[in-house]
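Report on one structure; see the data block that follows.
Just so it is clear, none of the values below were taken in a lab; they were calculated from the coordinates. Predicted model, so just to flag it, every value in this text is computed and none were measured. When we count neighbours, we look across all protein chains shown, and the Cβ atoms used for this are built from the backbone with ideal geometry, even at glycine.
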Amino acid sequence: MKQEKFLEKIVINVGTGKILQRPHFKEKILPEILQNLAEITGQHGAVRQAKKSISNFKTRTGDPVGIQVTLRGKRMESFFGKLINVVFPRVKDFRGIDLKSVDAMGNLNVGFREQYVFPEINMDHSNVNFGLQVTVVPIIKDRDKAIDFYRSSHVPLKD
């Protein structure tokens, strides 16, 4: 099976949430997150801004609340291969992905608490610690067929 005809895209999201309140966020922290995400994905991320001011979340309209990268084509294929063969084995105490991570449309959602599981990130040079979410979107919009595809692609799913 070729991966290219079964995957539509891979979306990587980083929420800036609590990091937004740290001093010098826009000058120092945000550029470093963007650089790390570009090293991980091979593509620059798009900064997503708040559409409304919400006082309980201490956000104002226009504040950066997240960073998103959408991968397609060859970058998507290489990232998917790296995710399966390199990243998952590097996760501490990893026992497989729960089947609840696959939604009704067949999308696989996986969260990482730290970016250090990716081999491109050097812990000694990175000053910012952030988590990220990876969403794999297949062309197949059926959960059972998508699970079969993930298993045939050697994605470590729990039974």
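The table for this structure:
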read-out	value
Eligible lysines near K28 by straight Cα distance, threshold 19 Å, same-chain separation 8 or greater	K18
Segment 1-77 - Rg (one decimal) and Dmax (whole number), Cα, Å	15.1, 50
Gaussian network model of the chain, Cα within-10 Å springs - most flexible of L83, L99, L37	L99
Mean Cα-pair separation over length for the chain, i.e. relative contact order, pairs under 8 Å, 6 or more apart, %	31
Alpha carbon centroid spacing (whole Å) that separates segment 70-91 from segment 17-59	23
Space enclosed by the convex hull of the alpha-carbon atoms of segment 7-152, per residue, Å³	133
Exposure proxy ranking, count of Cβ atoms within 10 Å, fewest first, for M123, M105, M76	M123, M105, M76
